[in-house]
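Asks: The structure that follows is given in the form of structure tokens.
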Amino acid sequence: MTMGKRTQAAALEVRLLREGIIESRHIVQAVVCDERGRVLSVAGNAETAAFVRSALKPFQALAVTSTGTLERYDLSDRDLAIITSSHKASIEQVRQVFNILWRADLDPSTLQCPIPEGKRSPLEYNCSGKHAGMLAVCQQRHWPLTNYLERKHPVQQLILSKVAELLRMPSEEFIGVHDDCGAPTYLMQIGQMASLYALLASGKTLDMERIVRAMTHHPTMVAGDGEFDTELMRLTPGELVSKAGAEGVQCIGRLGEGMGLAIKVIDGAKRAKYAVAIHLLQQMGWITPSVAESLAEKFMILGKYKRLEVIGELSLL
């Protein structure tokens, strides 16, 4: 990632208003980068470090697209979309995860993601598609299945090498930790997250182009009805690719233009990142006023007496 002379500007503030009176505030940082890693605009500090969490999933899916695993097991774009997902465990989504395992001749018991509280199977965990994709790669490459979540396992080293290559960094420089599902996730600057999504949206490699096509053609697989990623991609067909991460991370790429937006809410609030995404996407002209209004009704009006408002804007560098 390359910077202009400035790397900081005023952060954004999200206010929760109860009948027009401020009840709570969230501080939010955001950055827009191009596919060359140049910071184009910022609110806050582009060098703020955060765990990328589930916003990494489209890039973890590169292990599937780059190894012949899709072709070996005749996996579809719907399968690829669920591999990138943080799903709601709908019947349709769980069946899609099972389809990946079935085609790769794998038993659901090989999944090492947790069983959600009140559920009966790891298939119902929101990251199960990602895990199924990792296991399918292991099966295709004859790698061990029992320790596929270890950072030194070949499938995790392959994923890390893909991310490192995209960001033009040595793999050894990444700080890795375990996500809640047990798989590795990484600490990176929010500007690097934006750069990744700019590259994803650029369509310059067939692997990333296929991942984007899967996500945008099957948005219900990526999150689920009523979820931000699904609703945004439905309302902007073929224009934006979107993936949320936990603890206030949201990443969006503008297709065909090679631009990426990354958002980090300092206190991790989910509601604030969606409000900021809507605010900034409209500010940049990435969504129309009618799309912004539709999204705001779902994600900024929180009931009869509460709503969110965003104060601030991106500053050009």
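The values are calculated or read from the model by the stated rules, or taken from the named source; none is laboratory data. It should be emphasised that the depicted structure is a prediction, and the values quoted were computed from it without experimental measurement. FYI the Cβ positions are ideal-geometry reconstructions off the backbone, even for glycines, and counts take in every protein chain you see. For the accessible areas, the whole protein counts, side chains as well, though only heavy atoms, and no ligand, DNA or RNA atoms are used. Shrake-Rupley method; radii C 1.70, N 1.55, O 1.52, S 1.80 Å.
Asks: Report the relative contact order of the chain, percent, no decimals, based on alpha-carbon pairs under 8 angstrom and at least 6 residues apart.
Replies: So the answer I get is 26 percent.
Asks: Cα extents of the range 175-223 along the three principal axes, largest first, in whole Å?
Replies: 31, 24, 16 Å, listed from the longest principal axis down.
Asks: Going by alpha carbons, how many degrees (0 to 90, nearest 10) lie between the helix axis of 289-299 and the longest principal axis of the chain?
Replies: Here the helix axis deviates by roughly 70 degrees.
Asks: Fully extended, how many nm does the chain gain between SER161 and VAL177 (0.36 nm per residue separation, minus their Cα-Cα distance)?
Replies: Extending this stretch completely gives an extra 4.2 nm.
Asks: Given R₀ = 30 Å, FRET efficiency for ASN147-ILE27 by Cβ-Cβ distance, to 0.05?
Replies: 0.15
Asks: Report, as a whole number in µm² per second, the diffusion coefficient that Stokes-Einstein gives for the range 65-172 at 4 °C and 1.567 mPa s using the Kirkwood radius over alpha carbon pairs. Could the numbers behind the result be given before it?
Replies: Working: Rh = 14.2 Å.
Roughly 91 µm²/s, to the nearest whole number.
Asks: Averaged per residue, what accessible area in Å² does the chain show with a 1.4 Å probe, protein chains only?
Replies: 42 Å²
Asks: Then there's this: Given the protein chains as shown and a 1.4 Å probe, how many square angstrom of GLU47 are accessible, to the nearest 10?
Replies: Per-residue accessible area (GLU47): approximately 90 Å².
Asks: Return a whole-number percent for the relative contact order of the range 167-317, with Cα pairs under 8 Å and 6 or more residues apart as the contact set. Intermediate results must be reported in sequence, preceding the final value.
Replies: Numbers: 226 pairs, mean separation 27.4, N = 151.
Once divided by the residue count of the range 167-317, the mean separation gives 18 percent.
Asks: Right, next: With a/c under 1.5 counting as rounded, go ahead and sort the range 203-294 into rounded, prolate or oblate using the C-alpha gyration tensor (a ≥ b ≥ c being the square roots of the eigenvalues; past the cut-off, prolate if a/b is larger than b/c, else oblate).
Replies: Working: a/c = 1.45, a/b = 1.34, b/c = 1.08.
Judged from the Cα gyration tensor, the range 203-294 comes out rounded (a/c under 1.5).
Asks: What net charge is computed for the residues neighbouring ARG103, neighbours being all others with C-beta under 10 Å from the C-beta of ARG103, Lys and Arg scored +1, Asp and Glu -1?
Replies: Numbers: positive: ARG72; negative: ASP74, ASP79, ASP105.
Summing Lys/Arg as +1 and Asp/Glu as -1 gives -2.
Asks: Compare the Cα positions of GLY253, MET284, GLY133 along the charge dipole of the chain (+1 at Cβ of Lys, Arg; -1 at Cβ of Asp, Glu; about the Cα centre) and return the one farthest towards the positive end.
Replies: Selected residue: MET284.
Asks: Something else now. Quick one: compute the contact order of the range 56-197, relative version, from alpha carbon pairs under 8 angstrom and 6+ residues apart, as a percent.
Replies: 22 percent
Asks: So in the range 1-75, what percent of DSSP beta bridges are antiparallel if you round to the nearest 5?
Replies: Just about 95 percent of them are antiparallel.
Asks: Cα atoms only: what Rg and Dmax, in Å, come out for the range 1-154?
Replies: Expressed in Å, the Cα Rg and Dmax of the range 1-154 come to 20.0, 60.
Asks: Compute the FRET efficiency between LEU187 and ALA10 as 1/(1 + (r/R0)^6), taking r as their Cβ-Cβ distance and R0 = 30 Å, and round to the nearest 0.05. If you can, show how the numbers build up before the last one.
Replies: Values: r = 24 Å, r/R0 = 0.81.
Step by step, r from the Cβ atoms, then E = 0.75.
Asks: Once the convex hull of the C-alpha atoms of the chain is built, how many Å³ does it hold per residue, rounded to a whole number? Working shown, then result.
Replies: On the way: hull volume 38.2 nm³, N = 317.
With only Cα atoms used, the chain gives 120 Å³ per residue.
Asks: Is there a quick way to get the dipole size of the range 82-194? I mean about its Cα centre, with the Cβ of Lys and Arg at +1 and of Asp and Glu at -1; what is the value in debye to the nearest 20?
Replies: Its charge dipole is roughly 200 debye.
Asks: Taking the Cα centre of the chain as origin and charging only Cβ (+1 Lys, Arg; -1 Asp, Glu), how large is the dipole, in debye to the nearest 20? It would help to have the intermediate numbers written out before the result.
Replies: Numbers: 36 positive and 35 negative charges, 51 e Å.
The calculation lands at about 240 debye.
Asks: Computing the accessible area with a 1.4 Å probe over protein heavy atoms, can you report the carbon and sulfur percentage for the chain?
Replies: 49 percent
Asks: Given a cut-off of 31 Å, name the pairs among LYS119/LYS204; LYS162/LYS270; LYS130/LYS306; LYS270/LYS304; LYS162/LYS306 whose C-alpha atoms lie farther apart than that in the structure shown.
Replies: From the list (LYS119/LYS204; LYS162/LYS270; LYS130/LYS306; LYS270/LYS304; LYS162/LYS306), the Cα-Cα distance tops 31 Å for LYS119/LYS204; LYS130/LYS306; LYS162/LYS306.
Asks: Could I ask something else about it? What order do you get for 192-205, 142-155 when each peptide is scored by the mean count of other beta carbon atoms within 10 Å, highest first?
Replies: Highest-to-lowest ranking by the protection proxy: 192-205, 142-155.
Asks: What's the angle, to the nearest 10 degrees (0 to 90), between helix 206-217's Cα axis and the longest principal axis of the chain?
Replies: 70 degrees
Asks: Here is a further query. Excluding ALA61 itself, calculate the net charge of residues whose Cβ lies under 14 Å from the Cβ of ALA61, where each Lys or Arg counts +1 and each Asp or Glu counts -1.
Replies: Once positives and negatives cancel, what remains is +3.
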